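Okay, so here's the structure we're looking at.
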Amino acid sequence: MGRSRALLLLAVAVAAIGIAGASFRDDCTIEWEPQNAAFSPDGQSLNMSLVSNSSGCLLRTKKQFIYGSVSTFIKLVPGNSAGTVTTYYTSSEGKYHDEIDFEFLGNETGQPYTLHTNVFANGTGNREMQFVPGWFDPTDGFHNYTISWTPCMIVWYVDGAAIRVFRNYQQSDGVPYPTTQPMRGYSSIWAAEDWATQGGRIKTDWSQAPFVAGYSDLVHDVCPCDGSEECVYGCAWLFSQGQEYCPGLDPQHHKEMLDLQSKYRIYNYCDDYRSGKVPGKECYLQQ
């Protein structure tokens, strides 16, 4: 099959998935503790429960992909959620994996969640940014969380507002970036009272269990890929259209992101010089 034909088929696949969306029940599998997952009758919504220190829940999409946008609505555990971690992320497999994270670290009643983001490329992580969701309440109804991954950049969105950008400087500056490993989408809830809340000072009140997080309206506008060379090339072309220059966010979204970061960001790995840490090259490049 010629390359042009392969690209055409990939384009059709991407368009179809983007229109159809995805079902938690039909397009995903429960990889850990399936008894703690409860689907809505149409499979478009899901509740995942953390029942004990060793019994949470993990969901994974059936299909792998390279590049695209993954999105869902989440209602986080209300009240005293100390020691709980709710997640929405993408990841490949293996020791030298790629991963793009949303993690929500619970807190005691009256204290805000910590919204944690990170990116791994070829097993290299430690690129955390954390926020307090001071501009919305993540336990009061469902809010949209989107990860956009293209050859140009990764963008984390909350209710349509960009909160973070990680641009691709791999070719120009040697900064590791996810480019060739197919990923899947994941959602989970699990216990981490030894570190998740105020450095582990606040423990989980297990008398309040089960802790329940709600997910709804999963959308995967992605390029299905098994990792073959032609597939990787085709997906990269589809999401860049051959464009070599990465323009970044448009000025309005970039301004809104900087405003949110100035008000609500509480940790940036680029500013962490503890224990002799040295910021990566990307910290000195435009994001």
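The values are calculated or read from the model by the stated rules, or taken from the named source; none is laboratory data. Quick caveat: nothing in here was measured; it's all calculated off a predicted structure. For neighbour counting, all protein chains shown are included, and Cβ atoms are generated from backbone atoms with ideal geometry for every residue, glycine included. Please note that ligands, DNA and RNA were not included when accessible areas were found on the heavy atoms of the full protein model with its side chains. Shrake-Rupley method; radii C 1.70, N 1.55, O 1.52, S 1.80 Å.
Listed values, structure above:
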{"quantity": "Positive-end residue, region 148-247 charge dipole about Cα centroid, Cβ charges, pick of Tyr245, Trp195, Thr179", "calculated": "Trp195"}
{"quantity": "Residue-averaged [θ]222 nm for the chain, counting only DSSP H segments that reach four residues, each worth -39500 (n - 2.57)", "calculated": "-5000 deg cm²/dmol"}
{"quantity": "Surface/4 of the Cα convex hull for region 205-255, nm²", "calculated": "8.1 nm²"}
{"quantity": "Separation of alpha-carbon centers, region 257-287 and region 112-150, rounded to whole Å", "calculated": "15 Å"}
{"quantity": "Charge context of Met183, other residues only, Cβ under 11 angstrom, K/R +1, D/E -1", "calculated": "0"}
{"quantity": "Burial order of peptide ranges 60-72, 151-163, 27-39 (average beta-carbon count within 10 Å, highest first)", "calculated": "60-72, 151-163, 27-39"}
{"quantity": "Around Ser92: net Lys/Arg minus Asp/Glu count, Cβ-Cβ under 11 Å", "calculated": "-1"}
{"quantity": "Directionally averaged shadow of region 130-287, computed from the convex hull of its alpha-carbon atoms, nm²", "calculated": "12.3 nm²"}
{"quantity": "Surface accessible to a 1.4 Å probe, per residue, for the residues of region 187-247, Å²", "calculated": "52 Å²"}
{"quantity": "The chain: Cys lacking any partner C-beta under 4.7 angstrom", "calculated": "Cys28, Cys57"}
{"quantity": "Under the Karplus curve 6.51 cos²θ - 1.76 cosθ + 1.60, θ = phi - 60°, whole-Hz ³J(HN,Hα) for region 116-123, x wherever Gly or Pro sits", "calculated": "10, 10, 7, 9, 10, 9, 6, x"}
{"quantity": "Nearest-20 debye value, the chain charge dipole, Cβ charges on Lys, Arg, Asp, Glu", "calculated": "320 debye"}
{"quantity": "30 Å Cα-Cα reach of Lys277 towards lysines, excluding residues that sit fewer than 8 places from it in its own chain", "calculated": "Lys95, Lys203, Lys255, Lys263"}
{"quantity": "Hz values of 3J(HN,Hα) by residue in region 191-207 - Karplus curve (6.51, -1.76, 1.60), Gly and Pro given as x", "calculated": "9, 8, 5, 6, 8, 5, 10, 6, x, x, 5, 9, 9, 6, 8, 5, 5"}
{"quantity": "For the chain, alpha-carbon Rg and Dmax in angstrom", "calculated": "18.9, 61"}
{"quantity": "Relative counts (whole %) of C-alpha pair distances in region 29-84, using bins that are 5 Å wide", "calculated": "4, 14, 23, 25, 19, 11, 5, 1"}
{"quantity": "Size of region 117-217 as Cα extents on the principal axes (Å, biggest first)", "calculated": "52, 29, 26"}
{"quantity": "Net +/- balance of residues flanking Pro133 in space, Cβ distance below 12 Å, scoring K and R +1, D and E -1", "calculated": "-1"}
{"quantity": "Per-residue ³J(HN,Hα) for region 163-168, Karplus 6.51 cos²θ - 1.76 cosθ + 1.60, θ = phi - 60°, Hz, x for Gly and Pro", "calculated": "10, 7, 10, 10, 8, 8"}
{"quantity": "Sulfur and carbon atoms: percent of accessible area, the chain [1.4 Å]", "calculated": "52 percent"}
